[in-house]
């Protein structure tokens, strides 16, 4: 697994690269855990002032969780454990004491999109395509926490539009609706600009960065306090439709939805 997450620190900037380009950087559980390990304790991982996350190559930031891993699911406990496990990783990115910057080319979907949304800033190329196309692929749902992140950035009407239509949002629209702080022409320009922006942030007062980041995290968490979505996760992940969607996706065929 070691080469599936590349990590280096240079000039106060730590760079995490999702390195499965042959699978559009789809995330395995081990990859999620390595990201969390670095973000949980950056001081023990080269002590960067800023962390940049990106995907290997220009085809994808990350195309979600590796779906083959879902075949082991047998009931509600597996579904809830999965969402809890991923939420721990996403929460660790959000609570990382250092600013985080997602540098995005190509597919920015599913679990990959959740990681990017948890970063403090996002810059993208003109090839970036964002979405959660689960309504036409697996037939599952997002966790309440991830719905909350989308809600906070996009508002309820756009969340429903994107999930209901299962469409992928092109780069210009993404910038217009607040997904991206900046757009650049291509992958080379992306990595150059990510480095420039990271160096700018690294040169600023660390405690200002930390306090501002934590303030935003607390405000977002307070808005979602007391909202439970376990019943929704169980409804979708334990359904025959979810099993059908997974097997159809892996078999490269169109799923036959039954609504149960």
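The values are calculated or read from the model by the stated rules, or taken from the named source; none is laboratory data. Note that this is a predicted model, so its numbers are computed, not measured. Note that we place each Cβ from the backbone using ideal geometry, even for glycine, and neighbour counts take in every protein chain shown.
Yes or no, residue by residue, for (1) modelled with pLDDT of 95 or more; (2) not in a helix (DSSP H, G or I):
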{"position": "158", "(1), (2)": "yes, no"}
{"position": "173", "(1), (2)": "yes, no"}
{"position": "223", "(1), (2)": "no, no"}
{"position": "234", "(1), (2)": "no, no"}
{"position": "247", "(1), (2)": "no, no"}
{"position": "257", "(1), (2)": "yes, yes"}
{"position": "260", "(1), (2)": "no, yes"}
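For residue 68, state whether it is within 16 Å of the chain's Cα centre (by Cα) and in a helix (DSSP H, G or I). Quick ask: steps written out before the conclusion?
Working: within 16 Å of the chain's Cα centre (by Cα): no; in a helix (DSSP H, G or I): yes.
Judged against the criteria, residue 68 is not a match.
How many of the residues in the range 56-74 are over 15 Å from residue 25 (Cα atoms) and either out of contact with any helix residue (DSSP H, G or I) (no Cβ under 9 Å at 6 or more places or on another chain) or surrounded by 14 or more Cβ atoms within 10 Å (Cβ to Cβ) (or both)?
Number satisfying all stated conditions: 3.
Checking the condition within 21 Å of the chain's Cα centre (by Cα) and free of Cβ contacts under 8 Å to residues at least 24 places away in the same chain, which residue from 163, 159 passes?
Within the list 163, 159, the selection yields 159.
I'd like to verify a number: residues in the range 180-214 that are out of contact with any helix residue (DSSP H, G or I) (no Cβ under 7 Å at 6 or more places or on another chain), surrounded by 14 or more Cβ atoms within 10 Å (Cβ to Cβ) and under 19 Å from residue 149 (Cα atoms), how many?
So the count comes out to 2.
Out of the range 8-25, which residues are without any contact (Cβ under 8 Å) to a residue 60 or more places away in the chain and within 20 Å of residue 105 (Cβ to Cβ)?
Listed by number, the residues that qualify are 8, 15, 16, 17, 19, 20, 21, 22, 23.
Can you say whether residue 81 is out of contact with any helix residue (DSSP H, G or I) (no Cβ under 9 Å at 6 or more places or on another chain) and either surrounded by fewer than 19 Cβ atoms within 10 Å (Cβ to Cβ) or closer than 27 Å to residue 255 by Cβ (or both), as far as the supplied structure shows?
Numbers: out of contact with any helix residue (DSSP H, G or I) (no Cβ under 9 Å at 6 or more places or on another chain): yes; either surrounded by fewer than 19 Cβ atoms within 10 Å (Cβ to Cβ) or closer than 27 Å to residue 255 by Cβ (or both): yes.
Judged against the criteria, residue 81 is a match.
Being part of a loop (DSSP other than H, G, I, E, B), within 17 Å of the chain's Cα centre (by Cα) and either at pLDDT below 90 or buried (at least 20 other Cβ atoms within 10 Å of the Cβ) (or both) is the filter here; which residues of the range 24-55 pass it?
Once the filter is applied, which keeps residues that are part of a loop (DSSP other than H, G, I, E, B), within 17 Å of the chain's Cα centre (by Cα) and either at pLDDT below 90 or buried (at least 20 other Cβ atoms within 10 Å of the Cβ) (or both), the range 24-55 yields 24, 25, 26.
Only one residue in 129, 158, 136, 176 is within 21 Å of residue 19 (Cβ to Cβ) and either out of contact with any strand residue (DSSP E or B) (no Cβ under 8 Å at 6 or more places or on another chain) or crowded, with 18+ Cβ neighbours inside 10 Å (or both), so which one is that?
The conditions single out 129.
With the condition kept exactly as written, say whether any residue in the range 104-122 is within 23 Å of residue 230 (Cα to Cα), in a loop (DSSP other than H, G, I, E, B) and at pLDDT 95 or above.
Within the range 104-122, none of the residues are within 23 Å of residue 230 (Cα to Cα), in a loop (DSSP other than H, G, I, E, B) and at pLDDT 95 or above.
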